[in-house]
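The structure under discussion appears below in the form of structure tokens.
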Amino acid sequence: MFVSLDGFASSGTGNEDWIFRSGDDATDAWVIAQLDQAGLLAMGSRSFADMAGYWPTAESPFAAVMNATPKLVFSRNRAGAAAADGSWANPFIASGELADAVAQWKAQPGGDIRVLGGALFAQALAAAKLVDEFQLMLCPVALGSGVALFAGLPHPLDLQLVSAQSFSGGAMALVYRPVA
């Protein structure tokens, strides 16, 4: 998840160009390495719909891994699930209670599940304590407002820093795990 210095995962305006302004080959390589570890890319139905229109024909450094990795779309309703049906390499669809669906997919064999995009989806996962590891790309920008990654937590979420890597463009890759 890309995060601003003031904790926002989205500007809330739809203009997210701030995410890429500090990127370089090294940040791209870090993101690709994280995606390469995924057995499944999970996202909400709105993020999926946005990405499905872009990735199949994209020429970005991330395109190969984004297109090759199986997708899992979480949807609260049939309309969201229908929007994902049959497009962008036939994603798996999860619905129902979030905790139950996450437990079901975590029990499957394969690589890690990586959650992409969708600050509101990430908030729901964090609030329900369903995230084993937060991989954050801290971007050197303050937005002043937007959608905060950890908004709406019912209780403080204590995290332990696992690794940190700085990049020449000013971004930092931070990996945290919840404290047991």
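Using a 10 angstrom cutoff on alpha carbons, build the Gaussian network for the chain and name the most mobile of LEU72, LEU136, LEU161.
Highest fluctuation among the options: LEU161.
For the chain, with a Gaussian network of springs between Cα atoms less than 10 Å apart, report the residue from ASP36, ASP158, ASP132 with the top mean-square fluctuation.
Between ASP36, ASP158, ASP132, it is ASP158 that shows the largest mean-square fluctuation.
Which residue, GLY117, GLY169, GLY96, tops the fluctuation ranking in a GNM of the chain built on C-alpha contacts under 10 Å?
Checking each option, the largest mean-square fluctuation is seen for GLY96.
Compute, for the chain, the length of the dipole vector about the Cα centre, with Cβ point charges of +1 (Lys, Arg) and -1 (Asp, Glu) only. Units Debye, rounded to 20. The partial results should precede the final answer.
Values: 9 positive and 16 negative charges, 93 e Å.
That gives the chain a dipole magnitude of about 440 debye.
Give me the distance in nm between label points sitting 7 Å out from Cα along the Cα-to-Cβ direction at ALA107 and ALA58, one decimal.
So the label points at ALA107 and ALA58 sit 3.2 nm apart.
For the chain, what is the mean residue ellipticity at 222 nm derived from helices alone (per DSSP H run of n ≥ 4: -39500 (n - 2.57); sum divided by total residues; nearest 500 deg cm²/dmol)? Mind dumping the intermediate values first?
Details: 6 runs with 51 residues, N = 180.
One gets -8000 deg cm²/dmol as the mean residue ellipticity at 222 nm.
Express in Å², to the nearest 10, the accessible area of ARG21 obtained by rolling a 1.4 Å probe over the protein heavy atoms while all chains stay in place.
150 Å²
Normalised radius of gyration for region 32-73, please: alpha carbon Rg relative to 2.2 N^0.38 Å, two decimal places.
Numbers: Rg = 9.9 Å, N = 42, 2.2 N^0.38 = 9.1 Å.
Ratio of Cα Rg to 2.2 N^0.38 Å: 1.09.
Please return the longest stretch of the chain lacking exposed loop sites, where chymotrypsin sites (Phe, Trp or Tyr not before Pro) count only if DSSP places them in a loop and at most 15 other Cβ atoms lie within 10 Å. Each step should come with its number before you reach the end.
Values: sites that count: PHE20, TYR54, PHE62.
Longest run free of exposed loop sites: 63-180.
Starting from the Kirkwood Rh over alpha-carbon pairs, what translational D in µm² s⁻¹ does region 10-102 have by Stokes-Einstein at 4 °C and 1.567 mPa s?
On the way: Rh = 14.5 Å.
Translational D for this selection: 90 µm²/s.
Per the 1.4 Å probe, what fraction of the accessible area of region 1-107, in percent, lies on carbon and sulfur atoms?
Details: 3090 of 5780 Å².
Heavy-atom surface of region 1-107 belonging to carbon and sulfur, 1.4 Å probe: 53 percent.
Two decimals is fine: what's Rg over Rh for region 23-180, C-alpha atoms, Kirkwood radius as Rh? List each step's numbers first, then the result.
On the way: Rg = 15.8 Å, Rh = 16.7 Å.
Ratio of gyration radius to Kirkwood radius for region 23-180: 0.95.
How much area per residue is accessible in the chain when the probe is 1.4 Å and only protein heavy atoms are counted (Å²)?
Working: 9730 Å² over 180 residues.
Normalised by residue count, the accessible surface of the chain is 54 Å².
The values are calculated or read from the model by the stated rules, or taken from the named source; none is laboratory data. What you see is a predicted model, and the numbers here were worked out from it, not measured in a lab. Neighbour counts run over all protein chains shown; Cβ positions are idealised from the backbone, glycine included. These area figures cover heavy atoms from the full protein model, side chains too; ligands, DNA and RNA do not enter into them. Shrake-Rupley method; radii C 1.70, N 1.55, O 1.52, S 1.80 Å.
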